[in-house]
Amino acid sequence: MENVKRNTLFPARGNQAAAAARGGLAQFWKRHEKRLLGILFVLPALYLLWQFSYGAFFQTLYNSVHLTNIRGQAVAFCGFDLYRSLLSGEEFWNSCLVSVEFVLLTVLPSLAAALALAALCRGRMPGGRLINVLFSMPVAVSSACVTMVFMTLLEPSMGLVNELLGLDLKWYLDSELALVSVAMVVNWNLIAMDFIFLSAALRAVPVSYYESASLDGADGWKVFRNITLPSVSPTLFFLTVVNILQTFQAFGPINIMTGGGPSGATDVLSYSIYRDAFVNYQFSPAAAKSVLLFFILLGVTMVQMKSEKRRVFYQ
Amino acid sequence: MRVRKPARFLRRGGLRALLVIAVALVYLFPLVRIFSMSFTSASELYAAEASILPRQFTLENYVSVFEGNIPIFTFLKNTVAMALLITAIQLAVSSITAYALTGLDLPFQNVIFVLILGGMMIPFESTMLSNYLFVAGHSLRNTYLGLILPFLLSPAGVFLMRQQFRSIPREMYEAAAIDGCGPLRLFVRILLPMSGNALASLGILSMVTAWNQYVWPLLVTDKNEMRTVQVGISMLQGLEFSDYTLVMAGIVLVLLPCVLIFIVGFRFFVAGLTEGAVKG
C-alpha cells in the first residue's frame with residue numbers, strides 16, 4: 001500500500017528503486033541460491049527438533065527442579081528435593097525392579113522365539129514368501145487391539161486359555177502373574193519385529209556355507225550353532241538393545257490390561273510417569289522420573305555404541 | 001500326484017513347511033481368535049462351552065457396528081486423518097532436510113545431522129510431559145494439529161532420505177547444474193522421482209506407526225468425536241460393555257486397513273525398518 005502511494009508521488013524514482021531492489025533481491029537469491037535454500041529447508045526440522053525434542057527435554061529438566069501447580073506451571077524452585085524423595089521412596093525402586101523384571105520377561109523370550117522362527121523359515125520352501133509375511137505381520141498389528149484380545153483369552157472365568165489348558169489361573173488379576181500376562185502381549189509384537197531383522201540377517205549369509213555344511217553331513221543343531229548363530233550375533237546384540245529400549249517404553253498394554261496393578265505388580269517406570277502426571281496431576285515428580293528414565297536408557301544406548309565401536313575396531 | 005510321491009515332498013522341505021504352518025497357527029492364534037469371535041453371536045459366547053471357531057456363523061456384530069452401536073467410524077475418520085497428515089508431513093520434512101544436508105550449501109551439515117540423530121536418544125517419556133503442556137497451553141487438545149505435532153520430524157526418516165540422496169551419483173548433480181537446472185528444480189524434478197523406493201519405505205513405516213499410536217492420542221484427546229481408533233476401541237472395554245463379540249468386529253475394522261497397507265508394502269516396510277534402524 002505504501003509503495004503504491006510513493007510511486008504516485010515520485011513515479012520515476014520509485015519505480016527505479018523498486019526495480020533495482022527487485023533485481024538486487026533476485027540477484028542475491030540467484031548468487032546464494034544453494035545456501036539460502038539449504039537454510040530454508042533445514043529450518044522446519046530445526047524448529048521441530050528444538051520444540052519437541054531438545055527444548056522439551058530441557059523443559060522437563062526445569063520442571064523436575066521446580067514445584068508445579070495443577071496446570072503444570074512451575075511455581076517454586078525446589079532443587080533436587082524431588083529426586084531425593086524419589087530415590088529414598090519405595091515406589092520408585094519398585095518401578096525400577098518391575099521394569100527390570102519386565103525386560104527379562106520380554107527381551108530374552110522374544111529374541112529366542114524370533115531366532116527359532118527365523119532359523120525355521122530360512123532358505124527356500126513352498127509358500128516361503130507368504131510365511132515370511134505372516135510371521136512379520138504382528139509388527140503392524142496395534143498392541144492396543146492385541147491387548148484386548150489377550151484379555152479375552154486370559155479372562156479367568158471364561159477365557160479360552162484356562163479352558164483349553166485346564167488351568168485355573170487369574171492371569172492379569174493375579175499380582176504374581178500380571179507382569180507375565182502383560183509380557184505375553186508385548187512379546188507377541190516384539191517377536192515379529194525381531195523376526196524381520198533376524199531373517200534379513202540370515203538372508204545375507206552365503207548359501208554356500210549351508211551347502212558345504214550339508215555336504216559334510218552336519219546335523220541341524222550343528223549348522224545352527226556354527227553357522228546361523230555366529231552370523232546373526234551382531235543383529236542379536238543390536239536387537240537386545242532396541243528391545244530393552246522398547247520394553248522400557250511399553251505403556252499401552254499395561255494401561256489397558258492392569259493399570260499398573262494389582263498392588264504395583266506392573267507399575268513399570270513409563271506407567272508410573274503417566275500415573276503421576278495424568279492421573280494425579282503431579283507434574284514435577286513425573287518430570288524427575290522421566291529424567292531418570294532418560295539416563296537409564298542413555299546408559300543402555302552407550303553400552304551398545306561402545307561395544308559396536310569395539311567390534312568395528314577388531315574387524 | 002503329490003500323494004504318490006510323499007518322499008519327494010518331504011525332501012523338498014514339505015515337512016518343514018508343515019511344521020511352520022503349525023507354528024504359525026499357534027503364533028497367529030490371537031488374530032484367528034479376533035476373526036472367529038467377530039463372527040460369533042454374543043449369546044453363543046456366553047452360553048456354549050469354549051470353541052475356537054463359531055458354532056453358528058453370524059454377521060450380527062458387523063451389522064451392529066455399521067448401525068453405529070459403537071462410534072468406530074468416527075474413530076476411523078480421525079485416525080485416517082491423523083496418520084495421513086503425519087505421513088505426508090514426515091515425508092516432506094525428511095526429504096527437504098535430507099536435501100539440505102546433502103545437495104545444498106548448508107553450513108554445519110554434519111553437526112546438524114548428528115543433532116537430529118541425537119534426538120532419537122531422548123525417549124518419548126522424557127519429552128511427553130513438556131509436549132503435553134505445550135499442546136494444552138496452546139489449546140490444541142482435541143485437534144488434529146495437537147495429535148500430530150510431536151511426530152512431524154522423524155530422525156530415522158531424515159537418515160533414510162539422506163542415505164538415498166547420497167546414493168545418487170555425484171555426476172547427476174553436476175550434469176543437472178551444467179544443463180542450467182537450479183537446485184530447486186533438481187530436487188523436485190530429478191531427485192524426488194528417483195527416490196520412489198525410499199519414499200515408499202518411509203511412508204509405509206510412518207503410516208503403520210502413526211495408525212497404531214496409543215499414548216499420545218490418549219493424552220491429548222478426551223472427546224469421543226476426536227478419539228482415534230486405538231484409544232477409542234480400548235475405552236469400550238472399560239465401560240459396562242461386556243459385549244466382546246461386538247468389540248472384536250470393531251477391532252477387525254481397526255486392524256484391516258493397517259495390515260493391508262503392511263502386506264501391500266511389505267518389501268518397502270522391511271527395507272525401511274532394517275535400513276533406518278541401523279543407526280537408530
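Things worth noting here:
- When B:128, B:120 are checked against the criterion of being out of contact with any Leu (no Cβ under 9 Å at 6 or more places or on another chain), touching a residue at least 24 places away in the same chain (Cβ under 8 Å) and assigned to a helix (DSSP H, G or I), B:120 stands alone in meeting it.
- Test: residue A:133 is touching a Pro at 6+ places or on another chain (Cβ under 9 Å) and at the interface with another protein chain (Cβ under 7 Å from one of its Cβ atoms): no
- Count - residues of segment B:116-159 that are within 22 Å of residue B:221 (Cα to Cα) and not polar (S, T, N, Q): 24
- Top-ranked residue in segment B:37-61 [being assigned to a helix (DSSP H, G or I) and surrounded by fewer than 17 Cβ atoms within 10 Å (Cβ to Cβ); ranked as modelled with the highest pLDDT]: B:60
One line per residue, one yes/no per condition, for (1) among the polar types (S, T, N, Q); (2) within 18 Å of residue B:89 (Cα to Cα); (3) crowded, with 22+ Cβ neighbours inside 10 Å:
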residue	(1), (2), (3)
B:153	no, yes, yes
B:174	no, no, no
B:179	no, no, no
B:185	no, no, no
B:188	no, yes, no
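- Residue A:245 at pLDDT below 90 and facing another protein chain (nearest Cβ under 10 Å): yes
- Matching option when the condition is surrounded by 22 or more Cβ atoms within 10 Å (Cβ to Cβ) and either within 13 Å of chain A (Cβ to nearest Cβ) or closer than 20 Å to residue B:148 by Cβ (or both), among B:74, B:79, B:102: B:79
- From the options A:86, A:82, A:115, residue that is within 29 Å of residue B:22 (Cβ to Cβ), away from every other protein chain (no Cβ under 11 Å), among the aliphatic types (A, V, I, L, M) and crowded, with 18+ Cβ neighbours inside 10 Å: A:115
- Subset of segment B:138-189 (residues that are part of a helix (DSSP H, G or I) and charged (D, E, K, R)): B:162, B:166, B:170, B:171, B:174, B:185, B:189
- The residue list A:169, A:236 contains one member that is more than 9 Å from every other protein chain (Cβ to nearest Cβ), surrounded by 15 or more Cβ atoms within 10 Å (Cβ to Cβ) and not in a helix (DSSP H, G or I), which is A:169.
- Residue check for residue B:31: under 27 Å from residue A:187 (Cα atoms), away from every other protein chain (no Cβ under 11 Å) and either assigned to a loop (DSSP other than H, G, I, E, B) or hydrophobic (A, V, I, L, M, F, W, C) (or both): no
- Only a single criterion out of (1) more than 24 Å from residue B:120 (Cα to Cα); (2) out of contact with any Leu (no Cβ under 9 Å at 6 or more places or on another chain) is not satisfied by residue A:306, namely (1).
- Members of segment A:29-67 found to be touching a strand residue (DSSP E or B) at 6+ places or on another chain (Cβ under 8 Å) and either free of Cβ contacts under 8 Å to residues at least 60 places away in the same chain or more than 8 Å from chain B (Cβ to nearest Cβ) (or both), listed by number: A:62, A:65, A:66, A:67
The values are calculated or read from the model by the stated rules, or taken from the named source; none is laboratory data. Because the structure is a prediction, the values reported are computed rather than measured. So basically every Cβ, Gly included, is an ideal-geometry build from the backbone, and we count neighbours across all protein chains shown.
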